[in-house]
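> Got a structure here, written out as structure tokens. Questions coming.
The values are calculated or read from the model by the stated rules, or taken from the named source; none is laboratory data. Please read all numbers here as calculations on a predicted model, not as lab measurements. As a convention, Cβ positions derive from the backbone with ideal geometry for all residues, glycine included, and neighbour counts pool all protein chains shown. Please note that ligands, DNA and RNA were not included when accessible areas were found on the heavy atoms of the full protein model with its side chains. Shrake-Rupley method; radii C 1.70, N 1.55, O 1.52, S 1.80 Å.
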Amino acid sequence: MAQAEYVQESLAGLDPVGGVDPALPLYATTFVVVDLETTGGAPDGGGITEIGAVKVRGGEQLGVLATLVNPGQPIPPFITVLTGITQAMLVPAPPIEQVLPSFLEFLADAVLVAHNAPYDVGFLKAACAKHGYRWPNPRVLDTAALARRVLTRDEVPNRKLGTLAAYFRTATQPNHRALDDAKATVDVLHGLIGRLGGHRVDTVGEAIEFARAVTPTQRRKRHLADGLPKVPGVYIFRAADDRPLYVGTSGDIATRVRSYFTAGEKRARISEMLAAAERVEALECAHSLEAEVRELRLIAAHAPPYNRRSKYPERMVWLKLTDGPYPRLSIVREISPADTAYLGPFTSRRSAELAAAGFHDAVPLRQCTHRLSLRTITPACALAELGRCPAPCEHKITPAEYDDRAAAPFRTATASDPQVVVDALLARIEVLSRDQRYEEAAVTRSRLAAVLRATVRMQRLAALTGIAELAAARPAARGGWELALVRHGRLAGAGVSPPGVHPRPTLNTIRATAETVPGGHGPVPSATAEESERILSWLERSETRLVEMSSGWSSPAGGAGRFRDLLAKAESGASHQLSTERS
């Protein structure tokens with residue numbers, strides 16, 4: 001059997017995949033307290049000379065496992081002096097691969113406790129990896145780390161097991177033998193648990209997090225998470241003057257907010273936010289979609305200083321075709337009902353400029369900003385001399401020809417089929433690559449991605465926002481149905497029908513109390529693009545059911561959506577694959 005590679009982890013990396021429910025009260029939790037004696041080397045799958053383990057729950061001892069282990073290698077003399085374990089004692093002992101099955105069975109469905117846990121867990125995980133046993137990845141509580149959080153220097157000078165055993169007056173004194181050290185650790189654990197009540201630590205999950213290194217601010221502000229509901233919704237950290245500092249969402253508000261006060265939260269801006277926060281406000285929601293939408297709206301309304309995303313939806317821009325006989329592309333803040341050819345919204349001016357450059361590479365749209373006249377000739381620019389502009393300024397092309405060659409491909413690409421633009425850009429990439437002008441090819445590839453990203457997004461949004469009313473349902477985790485009423489791409493109402501009850505009465509109530517949402521112009525007439533996209537993601541899940549629609553939901557058969565695979569390749573930088581694409 002091939003030996004699996006093993007790297008020793010810190011305690012912060014010993015996060016369980018499953019196991020004991022973190023919400024289990026400490027008095028009801030089963031602990032297996034473990035101590036190992038070793039040859040003193042690094043955890044390489046061997047080196048264990050003795051295992052001692054005690055299983056306890058609610059202060060009662062449930063079982064004991066103790067055995068010497070033949071490490072298959074000589075014991076250093078200083079280890080013999082320290083532990084009293086001799087080579088002769090280990091010769092008849094079983095090897096670790098014979099001990100592991102009994103130990104893993106003993107550990108099942110329990111929290112593993114050890115003093116300086118990374119050391120003991122490291123040896124056990126390495127042994128499992130070497131001999132082909134699956135490590136159960138239990139929750140781990142380190143009594144040394146817990147003592148550092150609970151006891152002050154005035155109480156104990158250090159956190160050695162012997163020092164803590166003397167402080168708590170344990171029944172068994174540690175002596176560098178596995179079972180005796182494990183029994184002493186049991187008493188130390190019980191003593192530390194007795195001190196946790198004053199810190200409002202009542203569950204095993206809270207004890208494990210409390211043992212980890214958290215900042216003084218996190219510990220001081222931990223009470224802000226008290227009393228919050230364990231339901232889907234939005235939470236708002238507020239300052240002393242009630243200003244929103246940070247807005248977030250979760251399927252379980254209480255659990256999510258508590259995570260801000262654990263060692264897992266390491267973001268510097270969040271630490272700064274916690275220092276300024278004075279209270280947390282919870283807004284309960286019917287389900288996750290309503291929570292996500294309310295979060296977006298609150299962030300847009302208040303622009304909390306510690307939120308980075310979704311803060312300024314009003315900064316969206318559009319790329320539109322101007323009016324007149326020789327239209328050009330213009331970046332604008334808003335589109336009006338008079339605008340018939342446009343693309344967006346874009347999250348920044350830079351992304352709009354990138355898409356515009358893609359169209360300029362593909363079709364001969366003029367790039368100058370002059371207002372051209374059908375009567376007066378304007379001097380041509382350098383682009384006309386280079387053959388990159390048909391020179392409408394000098395009347396070298398008629399308005400009808402210009403519209404057919406330059407403006408019509410933009411209208412078609414944005415409203416339905418971008419095939420002409422895609423073919424032109426792919427051909428340009430192919431030529432540049434063949435001439436080994438790879439940097440220019442990469443620039444064109446980025447422009448292709450910007451064009452496709454914007455057209456796919458806008459057509460996808462327009463398909464939803466053109467529906468005056470849409471009702472959808474998704475099975476709720478605890479039974480019943482999550483219901484959403486969407487009007488022109490905006491969430492107008494939400495609710496949950498109880499298990500065992502037909503959802504129709506609940507849906508009727510939602511419809512009667514839902515927000516009135518008038519239609520408008522463009523692909524996002526009544527909500528932000530991000531809100532409509534969140535709704536789309538919810539609707540497109542396999543378990544979501546469409547209940548009612550006021551009109552059909554469709555996209556152009558030859559629309560931009562069919563280029564999604566090409567877009568993925570362009571975004572991944574696979575320019576060498578693009579020259580062969582002719583979708």
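> Taking the condition surrounded by 22 or more Cβ atoms within 10 Å (Cβ to Cβ), in contact with a Leu (Cβ under 9 Å, 6 or more places away or on another chain) and assigned to a loop (DSSP other than H, G, I, E, B), does V201 pass? Steps first, please.
On the way: surrounded by 22 or more Cβ atoms within 10 Å (Cβ to Cβ): yes; in contact with a Leu (Cβ under 9 Å, 6 or more places away or on another chain): yes; assigned to a loop (DSSP other than H, G, I, E, B): yes.
Yes: the conditions hold for V201.
> Same structure, new question: Consider only pairs whose beta carbons are under 7 Å apart and that are at least six residues apart or on different chains; among these, list those whose first residue lies in the stretch 141-162 and is free of Cβ contacts under 8 Å to residues at least 12 places away in the same chain and part of a strand (DSSP E or B) and whose second residue is exposed (fewer than 15 other Cβ atoms within 10 Å of the Cβ) and not hydrophobic (A, V, I, L, M, F, W, C).
Taking only residues 6 or more apart or on different chains, not a single pair turns up.
> Please specify each residue of the stretch 65-101 satisfying the condition of being at negative phi and part of a loop (DSSP other than H, G, I, E, B).
Step one: list which residues in the stretch 65-101 are at negative phi, which gives 65-71, 73-83, 85-101.
Matches in the stretch 65-101: V69, P71, Q73, P74, I75, P76, I85, T86, V91, P92, A93, P94.
> Using the structure shown, decide if P475 is more than 30 Å from A352 (Cα to Cα) and open to solvent by 20 Å² or more (accessible area, probe 1.4 Å). Before the answer, list the steps.
Values: more than 30 Å from A352 (Cα to Cα): yes; open to solvent by 20 Å² or more (accessible area, probe 1.4 Å): yes.
Taking the combined requirement at face value, the residue satisfies it.
> Kindly evaluate R222 against the criterion of being crowded, with 21+ Cβ neighbours inside 10 Å, charged (D, E, K, R), at pLDDT below 95 and closer than 27 Å to I193 by Cα.
Values: crowded, with 21+ Cβ neighbours inside 10 Å: yes; charged (D, E, K, R): yes; at pLDDT below 95: yes; closer than 27 Å to I193 by Cα: yes.
The answer is yes for R222.
> Could I ask something else about it? Taking L179, is it open to solvent by 10 Å² or more (accessible area, probe 1.4 Å) and at pLDDT 95 or above? Talk me through it step by step, then tell me what you get.
On the way: open to solvent by 10 Å² or more (accessible area, probe 1.4 Å): yes; at pLDDT 95 or above: yes.
Taking the combined requirement at face value, the residue satisfies it.
> Among residues belonging to the stretch 137-176 that are within 24 Å of T49 (Cβ to Cβ) and open to solvent by 50 Å² or more (accessible area, probe 1.4 Å), point out the one that is nearest to the chain's Cα centre (by Cα).
That would be K160.
> Could you check A301 against (1) surrounded by fewer than 21 Cβ atoms within 10 Å (Cβ to Cβ); (2) assigned to a loop (DSSP other than H, G, I, E, B); (3) modelled with pLDDT of 90 or more and say which number it fails?
All conditions pass for A301, except number (2).
> Please go through (1) in a helix (DSSP H, G or I); (2) free of Cβ contacts under 8 Å to residues at least 60 places away in the same chain; (3) polar (S, T, N, Q) for T185 and return the number of the only condition it doesn't satisfy.
In the conditions (1) in a helix (DSSP H, G or I); (2) free of Cβ contacts under 8 Å to residues at least 60 places away in the same chain; (3) polar (S, T, N, Q), T185 misses (2) alone.
> Residues in the stretch 238-252: is at least one β-branched (V, I, T), farther than 20 Å from P305 by Cα and open to solvent by less than 60 Å² (accessible area, probe 1.4 Å)?
First, pick out the residues of the stretch 238-252 that are β-branched (V, I, T): 247, 249.
If we keep only those that are farther than 20 Å from P305 by Cα as well, we get none.
No, there is no match, as no residue in the stretch 238-252 is β-branched (V, I, T), farther than 20 Å from P305 by Cα and open to solvent by less than 60 Å² (accessible area, probe 1.4 Å).
> Could you list, in sequence order, all residues of the stretch 228-264 that are assigned to a strand (DSSP E or B) and not basic (K, R)? Show your work before the answer.
Of the stretch 228-264, the ones assigned to a strand (DSSP E or B) are 233-238, 244-250.
Across the stretch 228-264, the qualifying residues are G233, V234, Y235, I236, F237, P244, L245, Y246, V247, G248, T249, S250.
> Could you say which residue among V33, V54 is crowded, with 18+ Cβ neighbours inside 10 Å, within 17 Å of R177 (Cβ to Cβ), touching a Ser or Thr at 6+ places or on another chain (Cβ under 6 Å) and among the β-branched types (V, I, T)?
V33
> Criterion first (in contact with a Phe, Trp or Tyr (Cβ under 9 Å, 6 or more places away or on another chain), open to solvent by less than 40 Å² (accessible area, probe 1.4 Å) and either at positive phi or part of a helix (DSSP H, G or I) (or both)) does L448 satisfy it?
Values: in contact with a Phe, Trp or Tyr (Cβ under 9 Å, 6 or more places away or on another chain): no; open to solvent by less than 40 Å² (accessible area, probe 1.4 Å): yes; either at positive phi or part of a helix (DSSP H, G or I) (or both): yes.
No: the conditions fail for L448.
> Further question: Of the residues that make up the stretch 472-480, is at least one basic (K, R) and either touching a Pro at 6+ places or on another chain (Cβ under 9 Å) or more than 26 Å from T340 (Cβ to Cβ) (or both)? Outline the logic, then answer.
Here is the first cut: in the stretch 472-480, the ones basic (K, R) are 474, 478.
With either touching a Pro at 6+ places or on another chain (Cβ under 9 Å) or more than 26 Å from T340 (Cβ to Cβ) (or both) added as a condition, the list becomes 474, 478.
So far as the stretch 472-480 goes, yes, one or more of its residues are basic (K, R) and either touching a Pro at 6+ places or on another chain (Cβ under 9 Å) or more than 26 Å from T340 (Cβ to Cβ) (or both).
> Quick one: would you say L104 is under 24 Å from D187 (Cα atoms) and part of a strand (DSSP E or B)? Lay out the reasoning, then the answer.
Numbers: under 24 Å from D187 (Cα atoms): yes; part of a strand (DSSP E or B): no.
So L104 fails the test.
> Tell me whether the stretch 301-317 contains one or more residues that are more than 30 Å from D252 (Cα to Cα) and not charged (D, E, K, R).
Looking for residues that are more than 30 Å from D252 (Cα to Cα) and not charged (D, E, K, R), one finds at least one in the stretch 301-317, hence yes.
> Given R405, R371, which one is open to solvent by 90 Å² or more (accessible area, probe 1.4 Å) and closer than 22 Å to I429 by Cβ? Walk me through how you get there before you give the answer.
Values: R371 fails: closer than 22 Å to I429 by Cβ.
Result: R405 is the single residue among R405, R371 that is open to solvent by 90 Å² or more (accessible area, probe 1.4 Å) and closer than 22 Å to I429 by Cβ.
> Still on this structure: Let me confirm something: among S336, S310, S351, which residue is assigned to a helix (DSSP H, G or I) and either polar (S, T, N, Q) or at pLDDT 95 or above (or both)? Explain how you work it out, then say what you get.
Working: S336 fails: assigned to a helix (DSSP H, G or I); S310 fails: assigned to a helix (DSSP H, G or I).
Selected residue: S351, the only one of S336, S310, S351 that is assigned to a helix (DSSP H, G or I) and either polar (S, T, N, Q) or at pLDDT 95 or above (or both).
> Continuing with the same structure: Which residue pairs have Cβ atoms closer than 7 Å, lie 6 or more positions apart in sequence or on different chains, and pair a first residue in the stretch 314-329 that is in contact (Cβ under 8 Å) with a residue 60 or more places away in the chain with a second residue that is of a type in the set (D, E, K, R) and surrounded by 21 or more Cβ atoms within 10 Å (Cβ to Cβ)?
Hits for this filter: Y326/R366.
> Being in contact (Cβ under 8 Å) with a residue 40 or more places away in the chain and open to solvent by 40 Å² or more (accessible area, probe 1.4 Å) is true for just one of A291, A275. Which residue is that?
Details: A291 fails: open to solvent by 40 Å² or more (accessible area, probe 1.4 Å).
Answer to the selection: A275.
> Tell me which of these L354 doesn't satisfy, since it passes every other one: (1) buried (at least 22 other Cβ atoms within 10 Å of the Cβ); (2) within 24 Å of L452 (Cβ to Cβ); (3) in contact with a helix residue (DSSP H, G or I) (Cβ under 7 Å, 6 or more places away or on another chain).
For L354, the exception is condition (1).
> Sort through E439, E469 and tell me the only one that's farther than 17 Å from P364 by Cβ and in contact with a strand residue (DSSP E or B) (Cβ under 6 Å, 6 or more places away or on another chain).
E469
> Specify which of the listed residues (R545, R534, R511, R487) is of a type in the set (D, E, K, R), closer than 20 Å to Q459 by Cα, modelled with pLDDT of 95 or more and open to solvent by 50 Å² or more (accessible area, probe 1.4 Å). So that I can check it myself, show each step before the final result.
Details: R545 fails: closer than 20 Å to Q459 by Cα; R511 fails: closer than 20 Å to Q459 by Cα; R487 fails: open to solvent by 50 Å² or more (accessible area, probe 1.4 Å).
None of the other options fit; the residue is R534.
> On to the next question. Are any residues in the stretch 87-129 over 15 Å from V54 (Cβ atoms), open to solvent by less than 50 Å² (accessible area, probe 1.4 Å) and among the β-branched types (V, I, T), and if so, which ones?
Across the stretch 87-129, the qualifying residues are I96, V99, V121.
> Then there is this: Looking at (1) closer than 24 Å to L566 by Cα; (2) under 36 Å from the mean Cα position of the chain (by Cα); (3) aliphatic (A, V, I, L, M); (4) open to solvent by 20 Å² or more (accessible area, probe 1.4 Å), can you tell me which one I335 breaks?
Going through the list (1) closer than 24 Å to L566 by Cα; (2) under 36 Å from the mean Cα position of the chain (by Cα); (3) aliphatic (A, V, I, L, M); (4) open to solvent by 20 Å² or more (accessible area, probe 1.4 Å), I335 breaks only (1).
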